[in-house]
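Following: one structure in structure tokens, then a few remarks.
The values are calculated or read from the model by the stated rules, or taken from the named source; none is laboratory data. Everything numeric in this text was worked out from a predicted model, so none of it was measured. Cβ coordinates were reconstructed from backbone atoms using ideal geometry, including for glycine residues, and neighbour counts include every protein chain displayed. Quick note on the areas: whole protein, heavy atoms, side chains included, nothing else; ligands and nucleic acids left out. Shrake-Rupley method; radii C 1.70, N 1.55, O 1.52, S 1.80 Å.
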Amino acid sequence: MISLVAFDLDGTLAESKQPLKESMGEALANLLSVAHVAVISGGDWPQFEKQVASRLAERADLSKLWLMPTTGTKLYTHRNGKWAPVFADLFTEEKRKEIITAFNESLDATGFTPEKTWGERIEDRGSQITFSALGQQAPYAEKKHWDPDFAKRKIIQADLRKRLPGLSINMGGATSIDITKEGVDKGSALKKLSERSGIPLEQMMFIGDAIFPGGNDYPAKEIGLKTVLVRDPDDTLTAIASIVACLQ
């Protein structure tokens, strides 16, 4: 029996950095009527608020929704009529500087410098440092063509792993690479969520578009969760409808 369904965000519930469509907000409200729901993604809380929290149907049962920004190093729940943080696991200032330096050196070494970028390419999210190849504000139409098969980011990822041993380095979204503390990934986030929610891992399911070795959704599969690989949000809508029908 599935009691909680966890999701990746970009490429799964919404297009990269875009708000949930109304149809997805309604679908999640339907799912929340029969199960708990979690969203785990590399974005920080402001992105979650824009993409998810502000886009849910009014009827959605927010008491059963768990939002986990920065690959689950932060947890937000809805209490007393508002979203509030439960915990945050942050990098030290020294470690942040080391990671940002390694990113810059790796990008020079691998030569993946696009002709045009939109906004900052490296973002410090406190508990996670994220590289966005085309910049944080890049149009989705540009992002989806830059590295559709993850080949470019696999090269950067391999170089970063040599420079930053002992850290988790995973690919996510359309153009991103996320760096978190060692052992921090969506698998560890789901384990923390199980402890906080009281829902066993055996009663959880994970849905994402990067459930493959090196993808930032793959740790969910590695810890033994039932997983569903989707291509895009339309695929996710189909999966949600099937789950709701089974659990009603």
Exercise for the section: Please identify the helices of the chain, taking whole runs of DSSP H, that span at least 18 Å along their own axis as judged from the Cα atoms and have a mean Kyte-Doolittle score of 0.0 or higher. Expected result: 233-247
Handout entry: Mean ellipticity per residue at 222 nm, deg cm²/dmol - from DSSP H runs of n ≥ 4 across the chain, formula -39500 (n - 2.57)
Key = -11000 deg cm²/dmol
Fill in the blank from the handout: Magnitude of the Cβ-charge dipole (Lys and Arg +1, Asp and Glu -1) of the chain about the Cα centre, nearest 20 debye, reported as 360 debye
Exercise for the section: If a/c stays under 1.5 just call it rounded; otherwise compare a/b with b/c (prolate if a/b is bigger, oblate if not). Do that for the chain, with a ≥ b ≥ c from the square roots of the Cα gyration tensor eigenvalues. Expected result: prolate
Exercise for the section: Quick one: work out the % antiparallel among DSSP beta bridges in segment 127-234, nearest 5. Expected result: 65 percent
Completion exercise
Computed over the chain, the relative contact order (Cα-Cα under 8 Å, seq sep at least six) in percent reads 23 percent
Fill in the blank from the handout: Ordering 232-238, 93-99 by per-residue average of other C-beta atoms within 10 angstrom, highest first, gives 232-238, 93-99
Problem - Relative contact order computed over segment 116-244 (Cα-Cα under 8 Å; 6+ residues apart), in percent - result: 17 percent
Exercise for the section: Step through the residues of segment 61-73 one at a time and calculate ³J(HN,Hα) from phi using the Karplus curve (6.51 cos²θ - 1.76 cosθ + 1.60, θ = phi - 60°), rounding each to whole Hz and writing x for Gly and Pro. Expected result: 7, 5, 5, 10, 10, 10, 10, 10, x, 6, 6, x, 7
Handout entry: Net charge dipole size for segment 108-228 [Lys, Arg +1 and Asp, Glu -1 on Cβ; Debye, nearest 20]
Key = 160 debye
Completion exercise
per DSSP, antiparallel bridges as share of beta bridges in the chain, % nearest 5, sits at 55 percent
Completion exercise
With all protein chains present, segment 107-248 has a carbon and sulfur share of its accessible area (1.4 Å probe) in percent of 48 percent
Exercise for the section: May I ask for the distance between the Cα centers of segment 10-73 and segment 182-248, given as a whole number of Å? Expected result: 14 Å
Practice task
Could you work out the per residue convex hull volume over the alpha carbons of segment 116-174, in cubic angstrom?
Solution key: 89 Å³
